[in-house]
Amino acid sequence: MKSKLENCIHGNALVYQGRGILILGSPRSGKSDLSLRLIERGAILIADDLVRIEQENGSLVAYADPEFQGLLEVSGVGFIRVQGHSKAILNLVLELGQETEDNRLPRPQKFMRYGVELPQFNFNPWIPSWHARLGVILGNIGLIVNDEDLSQPLLKMKSSQ
């Protein structure tokens with residue numbers, strides 16, 4: 001018999017600007033708070049605190065526990081009902097934490113589960129520019145450069161004839 005917690009991970013999952021986002025972090029790191037701020041900006045909640053992840057057709061899919069679908073725990077308030085879906089394909093992972101000099105210009109990270117790889121970013125949800133930084137990440141998935149890329153010209157100039 002399959003355990004109810006099998007394939008589950010401690011985190012939150014949402015759909016924001018058409019992208020599935022998995023938010024990871026230690027307890028009280030701000031996962032639900034960041035989720036609430038994104039929901040205020042149009043995100044749709046998949047799961048709060050406990051996300052079931054499955055591999056389907058080469059993608060990672062986040063699922064909500066049906067008993068808690070659409071419920072978000074707001075610290076100091078309790079559970080509130082928000083717009084929620086039962087599942088979403090994941091596109092990126094945000095690992096919440098404080099910025100350090102080591103992750104100011106980080107090497108690209110990957111989240112790996114069931115043989116599927118997703119881009120993962122260290123993310124500080126408490127800085128004033130959090131929303132702008134998330135916009136940069138969402139707008140540039142697949143375009144983020146690493147150290148090796150910087151040795152090549154970023155723009156190829158058209159030679160004049």
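The values are calculated or read from the model by the stated rules, or taken from the named source; none is laboratory data. In this text the structure is predicted, and so the values were computed from the model without any measurement. Note that we place each Cβ from the backbone using ideal geometry, even for glycine, and neighbour counts take in every protein chain shown.
Of all residues in the stretch 36-55, those satisfying the criterion of being more than 16 Å from SER86 (Cα to Cα) and crowded, with 17+ Cβ neighbours inside 10 Å are LEU36, LEU38.
In the set (1) at pLDDT below 90; (2) surrounded by 12 or more Cβ atoms within 10 Å (Cβ to Cβ); (3) more than 17 Å from LEU24 (Cβ to Cβ); (4) among the aliphatic types (A, V, I, L, M), the condition left unmet by LEU105 is number (2). The conditions of being more than 24 Å from GLY139 (Cα to Cα) and free of Cβ contacts under 8 Å to residues at least 24 places away in the same chain are not met by GLY18.
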